[in-house]
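Below you'll find the structure, written out as structure tokens, and then a few comments.
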Amino acid sequence: KIQVGIIGDHPSIQRSLEMGALLAPSQSPVLLLGETGTGKDLFARYIHRLSGRQREPFIAVNCAAIPEQLVESILFGHRKGAFTGAVDDQKGKFAAADKGTLFLDEVGELPLPAQAKLLRVLQDGQIEPIGHTKAHKVDIRIVGATNKDLRKMVRKGKFREDLYYRLNVGEIKLPPLRERRTDIPKLVLHVLDKINGSLKRQKRISSNALSRLQSHNWPGNVRDLENVIERSVRLCRRDVLEADDLLITEPITYADPLDALPEPYEGFSLDEFLGSARKQLLLRALDTTSGNQSQAARLLGITPQAVHKFLQQFKSNS
């Protein structure tokens, strides 16, 4: 099922979609909770589409990406000359979203002074740009999102308790990908279809590769999965991606890399395992160097001829 790009029919994602559909027509704020990469932006757009405001602006703001000293100016606007560098009047994001939806992504990153102003907007619909002495009314539906535990932040004094309860009128939890593994094949095929639209030779994926994708834990969730498919397709020289063509990279840790080695079992093939490991390392080196064979060889401590030979063999197997 696709809702503005939201794919999946696992009960957990369906519950989130149903909750979104129930809350959308209300004018109350909605708070989306979920790990990085679970699709909070898509859910915000989904709520906007069902809210009755779909013909009005949808303005998204990544609160984590705004320098602290500019937060109030960017959100609420400022008057020319209000502070050093304010050479023109600036309309803030709240004014830009008037009559529509304002999506505050990573709302937990807002500094406390901006939280106080946001609370005022939620309480009485009034915004006061920097340098103005009079507030003016805006009509906005606010959707907030965070991957943080806001309750814990409230206890530590980093997030206003009154703002938390104002935002949390409707709460939707977005499930991580590892809790809806049955949706992974559908997501993979959707991403592959999108990528194939820009390729001369269409790529497919083997059942073994799909099994490997389903068994992975996906710390970065759907965005992580999309990135793996895209870079694997880009480097794969043949039409069908196999399990060891998938470039699944984990966050850097300082654990013993030998801990990741498999336990030998009946029917285990050392040559097959070493061949797959060699191929993965070569593909990762080529990915890191954007396909530069000489640089990849230098990273791996082998000759450029060895990398070239690998690519020729890889191509001949396609």
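Pairs linking a residue in the stretch 50-74 that is under 23 Å from GLU128 (Cβ atoms) and open to solvent by less than 70 Å² (accessible area, probe 1.4 Å) to a residue that is of a type in the set (Ser, Thr, Tyr) and not in a helix (DSSP H, G or I), with Cβ atoms under 8 Å and 6 or more positions apart or on different chains, are PRO57/THR101; ILE59/THR101. Considering (1) within 22 Å of the chain's Cα centre (by Cα); (2) open to solvent by less than 60 Å² (accessible area, probe 1.4 Å), the lone condition that ARG223 does not fulfil carries the number (2). Applying the criterion of being small (Gly, Ala, Ser) and crowded, with 16+ Cβ neighbours inside 10 Å to the residues of the stretch 271-303, the residue that is nearest to ASP244 (Cα to Cα) is ALA285. Residues being buried (at least 16 other Cβ atoms within 10 Å of the Cβ) and within 19 Å of LEU33 (Cα to Cα) are represented in the stretch 132-141 by at least one member. With respect to the conditions (1) open to solvent by 70 Å² or more (accessible area, probe 1.4 Å); (2) in contact with a Lys or Arg (Cβ under 7 Å, 6 or more places away or on another chain); (3) farther than 27 Å from LEU112 by Cα, GLN27 falls short on a single one, namely (3).
Identify the single condition in (1) open to solvent by 90 Å² or more (accessible area, probe 1.4 Å); (2) within 19 Å of LEU42 (Cβ to Cβ); (3) without any contact (Cβ under 8 Å) to a residue 24 or more places away in the chain that LEU189 does not satisfy, given that it satisfies every other one. Answer for LEU189: the failing condition is (1). What's the number of the only condition in (1) within 24 Å of GLY8 (Cβ to Cβ); (2) at pLDDT 90 or above that ILE248 fails to meet? Among (1) within 24 Å of GLY8 (Cβ to Cβ); (2) at pLDDT 90 or above, ILE248 violates only (2). Taking (1) more than 27 Å from ILE6 (Cα to Cα); (2) within 28 Å of the chain's Cα centre (by Cα); (3) aliphatic (A, V, I, L, M) in turn, LEU192 satisfies each apart from (1).
For LEU112, state whether it is of a type in the set (A, V, I, L, M), within 30 Å of VAL228 (Cβ to Cβ) and open to solvent by 20 Å² or more (accessible area, probe 1.4 Å). Here the answer is no, as LEU112 does not meet what is asked.
The values are calculated or read from the model by the stated rules, or taken from the named source; none is laboratory data. Since this is a predicted model, take the numbers as computed values, not measurements. For neighbour counting, all protein chains shown are included, and Cβ atoms are generated from backbone atoms with ideal geometry for every residue, glycine included. SASA here: full protein model, heavy atoms, side chains in, ligands and nucleic acids out. Shrake-Rupley method; radii C 1.70, N 1.55, O 1.52, S 1.80 Å.
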